[in-house]
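None of the figures in this text is laboratory data; all of them are computed from the coordinates on show. Quick caveat: nothing in here was measured; it's all calculated off a predicted structure. Positions of Cβ are generated from backbone atoms using ideal geometry, with glycine treated the same way; all protein chains shown enter the neighbour counts.
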């Protein structure tokens, strides 16, 4: 890895970013072709958490949060910090002081493929974090990494400036260039779902609503009575 | 596996089913001889969740929720859906649309050896789910499974119609034919526990309450002072 | 292992114990040189949990809670129970009856490298527990262990009488003899952090506050523009 | 659980049992409809291991191998021992002395949802074991379980007398009553595979051999050149 | 994901590919700046396995190996197949028939973020596989994926045509365009290591060979006698 | 943690150390009261591995092997290196160069709660290693740790100079002061086992050899015929 900090990154239009988090990760993930989802071991530390933003990416040595301090300087309001490690770690690489600094610079949240700490204070601050675990374990500041390079975080490729959408269902990555079309696809999907929800609530079966009966029969499904 | 849907299943008496969830999984599990408990990796997605019902079982291909749609049709009010996979999966095979459909048919909850999504909406709906994880990952509808066949779910054997009792301590399976005797055993156990709780709250030691001192001494336990 | 119960253990001064939990595990862990932290798989069963006390240690056979009953007798008000197993276990070795007994004797909480159950009742009681999992699985009372011997719990060495500090960030062990100096180091750290928090909240960068720029440049960090 | 030992169990015809292990677990598992496979965390302790037999089942308390000693008495030559635990365990519940006893009674191998030990000696003896882990950790003999009751072992239901087929690919359970038809289905499958192997070895593509091209195109697969 | 097959991919020079596997994954990974290593849960199924080649990538639905059959057609001699799944899977998605087909087309090995089966036959064939697990569990052919698109496999980004180097230490990905410089850096590193090996074998300490003493002292390391 | 290197450590008598590895870990672990066993996730990298020695302990930052180089200087012939990390790591913190250095100083093996690499070369060298995983991932040399302080390694407490016994069944720690009595207890146990092995090989049941029938009946075990 080259130990670089990339200063200027592309960012999607703010109105697209805002639309995507309203739709929610499950809908966005479906709308963009079931792509870009991080592994489900990343969990929000607070009930009801939701955040979105342009990804400022960090690649850090496990147990070393030096590059997080470096990254703050290149964050802009509306960004979200995405931290990957060069090897798996459950160290508490992020706490309330770094959160205070990020809030001061308008950062909307943190996604970290490691742990965070000070979660009670973070909850009071209303700062959302998605992490692999929670751990009081402190970190050193000894080894360089990189900021705003492409990273693999929790199994998903993240390029700097990609739109991150995160809520209680997980974290999804929308490529920066696809934000506009993702919003459109999301709208279409939400409308379809709303119509379907009403019919399902009235008792109509998904078997009929989605016209599944013929395909099921063709595939060989049979119905029998209990012995 | 035969790709069948079994239409009619035995069900325990509703009053027995209701009694068991009042007792709670820990008590029921003890009362039926420490049997039938699913692995603790199944967790409720909401604090305070509790549900019970007659098991409608689903065996699904990982990442494919076709058979869940099929299962809705054979559910009756008071049933609970139990979903096992043919191989381990953390895909989000269940969300708010399927929950809307289940609620419309009187189903009381879901136990799934995979993930669910739309958890914020499910919380608003008050629909309880026990799952292995939470994931926005969507699923296909391509491969048949079976409905109302015996399944192994999270390490426990579930026959269609077995009584499922689920709360914050886990999920326990009571064979349909044993529901009445389980209620009886549960009552006896709850009375004993209530009496013991009072004596323990007054400061009486479990060592004395349960007459453990002789057995401990016979087994060789010795008491020493700190060096 | 010798099957012994050690009756009298050293204990730190109550005012030191109380100070440490106010500081929180992350601060205490840092203040004592990044030592003594249990693995992060131990989690509190309730949001907002915090506890402290002198460790009464238990070494138990997996799936057997006999020695927990033995341990209650040697607990004093202000103690916290720390349970290690001779082999990994996720059994529910602790529930509301044992909690009732511990509360009656002034015990402040439980740290267990296994599972607990009756978590809804424990929440109503306000009794804090840190455990590896939650499980309704019951236990036997058949095999001896030991009480108040040194144990390894969730990866950390605990000697009887060590100060346990536990909150939402994890569980940290402070050697009994180091409690006074730990309090002092914690105070110094908290003051430093409070000053830093204000400067970070005002927008000052950690890069400047902690004088990192020279070291980063010396280590070879370079800044580039996005291609 | 009832603490019983069931003395006489049904057994499949020896020639069927022998045929199935020759076919191998992957073929048998396919031939019986992709059923009955234990989770892949069960691994043989020796390269090249393969075994088959009628299942004598044991349900044991974790860390307690008392019931394994009980089970030896009801084993017959050609049986294989299948050990499930009431809760997850990695204790070394089986070693060379028990293996010596099993060999003396004609038992062909061991499948255990826990650990074994003395693996160097077991290799010299040529006694095959499939286990979750290898551990020197010893066990107690304090709590009853059951012998020859239905058990869930590594995620699969095993009834006493079911045919167990185990090799380097895993462990599969064939219901006793299905042994004859399983042999037949296995033969048909092996013949088909042998024919296919020759055509594939000659360079013919699976796409053509299995006539996949039309279905792929219908499903929407498109071919493009690299940008 | 778009369901595409990309027919022509870039490939590095064969002599570079051959050089890299001779150096071994540990050396290559260091030589390219500690990049590109897959997670260590991928293990070779045979002792002594080593392979290299140009990556033909597959993105498959878990439990569905349809796209592996598709991929064979676009493989060229000297390629290595790299299979990622859209969600975690331990199914046995690859066996001896597919291996026979790959061998017929000159493919050098398989890296799969799932399981393989028929490992005894694969060993006889001398076909190397790196997988997450070994499992007899069979798969369906029902859902499209993609061939020769960028994939994240076991935590590492793989572009079609990247050089894969795999041995008993793991699997490393060298970007196609970096193959020549990687060979050069590898040579330099191997020469340095060879010189160091001789000096270390003669008893010289790494502390002296690498001039560590001053830096250790400056960092604060102190030497004491045992109490 | 204090960043110290302790130069002189106690060591057990060489003849006791040699005796213990001949007995094997399973026997030693039993002979010393089922104590001191590391978790079974530590595995030897080579079939047939066995080693023993006096523990030189290392506490290292994850992903940083600086302290291993420091430790070599204080090793004496017959020592074994035991490496714990301050947080979980799967990095390849040890390879053939460090092994060459250890061999030059008479060190008998390595136990590391992290990964090693160059395993093919280590096998050729005949240098035994017990590790959590195998990984080509390289490490930095940036942060101090400690040498010859008490450490918790894979769940077991190790004091410098303790006797480490390691083989295919795992790794056991015998306190230095207990080496002589451990040898004695091991001899007694081996003799008993040898006598029992002969009787079991002749077909005598463990039920009779160990006089279990009365205790089993008293505990309530019943025998029934298959329905």
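A straight line joining the Cα centroids of region D:109-141 and region F:50-112 runs 29 Å.
Just to verify a number: FRET efficiency for residue D:47 and residue B:8, C-beta to C-beta distance, R0 = 30 Å, to 0.05? Result of the calculation: an efficiency of 0.05. When chain E is turned onto chain F, its residue with the beta carbon nearest the axis, and that distance in whole angstrom, is E:47, 5. Between copies, the label points at residue B:195 (set 7 angstrom from Cα along Cα-to-Cβ) are spaced 4.8, 6.5, 6.5, 7.4, 8.5 nm, reported in nanometres from shortest to longest. Relative to the longest principal axis of the Cα atoms of chain F, the long axis of helix F:179-201 lies at roughly 40 degrees.
Based on DSSP, what percent of beta bridges with both residues in chain D are antiparallel, to the nearest 5? Mind dumping the intermediate values first?
Values: 17 of 35 bridges.
In chain D, approximately 50 percent of DSSP beta bridges are antiparallel ones.
The same position residue E:208 in the other copies lies at 5.0, 6.8, 6.8, 7.1, 8.8 nm from this copy, comparing label points 7 Å beyond Cα toward the beta-carbon, shortest first. Given the options E:215, E:154, E:133, state which has the largest fluctuation in a GNM of chain E using a 10 Å cut-off (strictly under) for Cα springs. Evaluated over chain E, the most mobile residue of the options is E:215. FRET efficiency for the pair residue E:194 and residue F:215, taken as 1/(1 + (r/R0)^6) with r the Cβ-Cβ distance and R0 = 45 Å, rounds to 0.10. Each helix, a run of at least 4 DSSP H residues, gives -39500 (n - 2.57); summed and divided by the residues of the protein assembly as shown, these come to -9500 deg cm²/dmol at 222 nm.
Working from Cα pairs under 8 Å separated by at least six residues, relative contact order for region E:65-162 is 32 percent. Annotation for residue D:7, label-to-label distances across the other copies: 4.6, 5.2, 7.4, 7.4, 8.9 nm (shortest first, one decimal, point 7 Å from Cα along Cα→Cβ).
The overall shape of the protein assembly as shown is rounded: from the C-alpha gyration tensor, with semi-axes ordered a ≥ b ≥ c, the ratio a/c is less than 1.5. Once you order the gyration tensor axes a ≥ b ≥ c over the Cα atoms, which shape class does region D:103-227 get: rounded for a/c under 1.5, otherwise prolate or oblate by comparing a/b with b/c? Prolate.
Calculate how many DSSP beta bridges within region C:64-156 are antiparallel, expressed in % of all such bridges and rounded to the nearest 5. Antiparallel bridges: around 10 percent, rounded to the nearest 5.
Given R₀ = 35 Å, FRET efficiency for residue F:124-residue F:22 by Cβ-Cβ distance, to 0.05? Once the sixth-power term is evaluated, E becomes 0.90. Just to confirm my numbers, what's the Cα centroid distance between region F:157-189 and region E:19-34 in Å? With region F:157-189 and region E:19-34 each reduced to a Cα centre, they are spaced 39 Å. Relative to the longest principal axis of the Cα atoms of chain D, the long axis of helix D:14-23 makes an angle of roughly 50 degrees. When chain A is treated as a GNM with alpha-carbon contacts under 10 Å, the residue of A:11, A:199, A:137 showing the greatest mean-square fluctuation is A:199.
Given the protein assembly as shown, what percent of its DSSP beta bridges are antiparallel, to the nearest 5? Beta bridges within the protein assembly as shown, antiparallel portion: roughly 45 percent. If you run the Gaussian network model on chain F, springs between alpha carbon atoms under 10 Å, then out of F:189, F:197, F:123 the most flexible one is F:197. With contacts taken as Cα pairs under 8 Å at a separation of at least 6 residues, chain F carries a relative contact order of 30 percent. Take every pair of alpha-carbon atoms less than 8 Å apart whose residues are at least six positions apart; their mean separation over the length of region C:15-127 yields a relative contact order of 24 percent.
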